[in-house]
Amino acid sequence: MSDTENRGLRDAFTAATPFNQLEFIIERKIREMINTSALVRVDSCTSGGPAAPAGEVSATPLVAQTDGQGNALPMTIIPRMPHYRVQAGIAALVIDPVPGDIGVVSFCKADSSTVGVGTAEPQRPGSMRCFDQADGMLVASVSNRAPEVWIEIKQDKTIIIHAPEGCTIETDRSVTISAGESITLDAPQTTITGNLTATGEKGDAISMTGTVSLAGSLTSTGDQVAGGISQTGHTHTGVQPGSGSTGGPQ
């Protein structure tokens, strides 16, 4: 026997006793018929993003079966397996699998083909098969690539959202950001397309440094001070009776 040849389940003691014979039969059936879980490569995914329920993947097992000489056998694709999505009720974290992902597939005890999208009540199994690859589902990812976009929840009680190509927060109503100390917007350009209201309880409601350009009118119910001169309480120099103009404000 060569060094690369695999030994089968049968050995010199297999037929020695009825117990050994029964043990051989049981172990052989378990190996041939029962699937538990497997590492797979995702080949395709039918999910349509956040506008649709989680879809299905087709995947290829990454641990191959072998022949008697230890050679890896070609593995066939396992089609139409439901994939996991972090979801409870109508709330979901949508990160659908993509081709090339490495994942963990779990195989159901019974035929689960009668359970589909929207199923809420127990169903009878579709057949008598058990622990079959036809009843697999992708339950986890085992990533072997460094991420380029991520949400990092750190042990120092901070969260980092890293999105190199942009980040969009959508809502049909309002967004509230509550910070106990401060909020920093660090960007070369900030654009506000709607009305802006600022209310300050301590100090100045709005404090700016640099040049401010305003296109349009400015309305204020309170006083405005520019260069130390009050708009509502300033006086003018060089006042003369008649139609002459006053001097500059002071």
_What's the ranking of 213-220, 153-160 by average number of surrounding C-beta atoms within 10 Å, highest first?_
153-160, 213-220
*Provide the per-residue ³J(HN,Hα) series for the range 182-193, in order, calculated from phi with Karplus coefficients 6.51, -1.76, 1.60 and θ = phi - 60°, each as a whole number of Hz, with x at glycine and proline positions.*
7, 10, 10, 9, 10, 8, x, 9, 10, 10, 10, 8
*How about residue 157: which aspartates and glutamates have a C-alpha closer than 16 Å to its C-alpha, ignoring those fewer than 8 places off in the same chain?*
181
_Need the full-extension length gain, residue 15 to residue 66, defined as separation in residues times 0.36 nm minus the C-alpha distance. One decimal, nm._
15.9 nm
_Need one number: nm distance between label points at residue 92 and residue 44, each 7 Å from Cα along Cα→Cβ, rounded to one decimal._
2.0
_Under 5 Å, built H, 5+ apart or other chain: amide partners of residue 141_ = 104
_Separation of the residue 167 and residue 212 label points, Cα + 7 Å toward Cβ, nm_ = 2.8
*Whole-Hz Karplus ³J(HN,Hα) for the range 13-28, in order, using 6.51 cos²θ - 1.76 cosθ + 1.60 and θ = phi - 60°, x for Gly and Pro?*
9, 4, 9, 5, 9, x, 5, 4, 5, 5, 4, 4, 5, 5, 5, 5
*Under the Karplus curve 6.51 cos²θ - 1.76 cosθ + 1.60, θ = phi - 60°, whole-Hz ³J(HN,Hα) for the range 216-223, x wherever Gly or Pro sits*: x, 8, 10, 10, 9, 8, x, 6
*So for the pair residue 58, residue 31, with labels modelled 7 Å out along Cα→Cβ, what separation do we get in nm?*
3.1
*Once amide H atoms are built 1.01 Å from N in the peptide plane, which residues 5 or more positions from residue 129, or in another chain, come under 5 Å H to H?*
111
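Every read-out reported here was derived from the displayed coordinates using simple, explicitly stated rules and does not represent laboratory data. These numbers come from a predicted model, not from an experiment. Backbone-built Cβ (ideal geometry, glycine too); neighbour counts: all protein chains shown.
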